[in-house]
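Each remark here refers to the structure printed beneath this line.
What follows draws every value from the coordinates through simple rules; no lab data is involved. Please read all numbers here as calculations on a predicted model, not as lab measurements. Don't worry about glycine lacking a Cβ; one is built from the backbone with ideal geometry, like all the others, and counts go over all protein chains shown.
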Amino acid sequence: MNEHILVVEDEEKLARFIELELNHEGYEVSKAFDGRTALEMAESNDYSLILLDIMLPELNGLEVLRRLSKSHPTPVILLTARDAVMDKVAGLDAGAVDYITKPFAIEELLARIRVALKLHGGATAVSAAETSEKAEGIYTWKDLVLDEPKHRVTYGGQEINLTNREFIMLKVLLMNKDIVLSRDTLLEKVCGYDYVGETNVVDVYVRFLRTKIDETFGIKMIQTVRGVGYVIKSE
Ligand code: CA
């Protein structure tokens, strides 16, 4: 059965472009051009995922998300403007599983959709373990466990002390396993969009993580992708 994705985007050209790309990848697509229609469609259909622009006529994306997520298990990825950091925070608080900043590379959007469908269900079967793992904010890689509610990281049961930013960096990498994250993306997620400074702080945090984890336990967790960024690959 094909995954069915609802694309909510009032720029009709962009919506059609996304539709074509998603069709090409084998997804079934429905489109809505305003928030109210989107909400109606989302409530009367069973989509695998909703791609939701924030700036929409009638009802904005955040409002759609708030009204939806009370009863709705469908994962939502937000489309946000580059300067809308508050929207991103509010969106994630309101239950979006991810966001992507416009303008985006279609490959990145497709990668994020694949990850969201894998982590948050949809038509393809997701094991109960994976679902509950996600629901509880626990991320794993080999013997490493990042427990977000407890703000605790262990490797083979041995506790690793991380600073807040190292913790966030590790979480972001674990949440996006197999997706190469650029320094800019990591910087934005770890330090916030308003951070003014060098992107090489990302390299510094990666070095700290490697010292505390990779070197301590003799593993190679965080991979460098030359000229692009960093990734943690699935085992
Ligand atoms: Ca818009």
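Computed quantities for the displayed model
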{"quantity": "Built amide H within the under 5 Å cut-off of Met55, gap 5+", "calculated": "Gly61"}
{"quantity": "Alpha-carbon Rg with Dmax, taken over the chain, Å", "calculated": "18.2, 55"}
{"quantity": "Residue exposure sequence - Glu215, Glu188 - by fewest surrounding Cβ within 10 Å", "calculated": "Glu215, Glu188"}
{"quantity": "For region 169-175, 3J(HN,Hα) per residue [Karplus equation, 6.51 cos²θ - 1.76 cosθ + 1.60, θ = phi - 60°, Hz, x = Gly/Pro]", "calculated": "4, 5, 4, 4, 5, 5, 5"}
{"quantity": "Dipole magnitude of region 20-80 about its Cα centre (Cβ charges: Lys, Arg +1; Asp, Glu -1), debye to nearest 20", "calculated": "260"}
{"quantity": "Mean separation of Cα contacts under 8 Å, 6 or more apart, over the residue count of the chain: relative contact order %", "calculated": "13"}
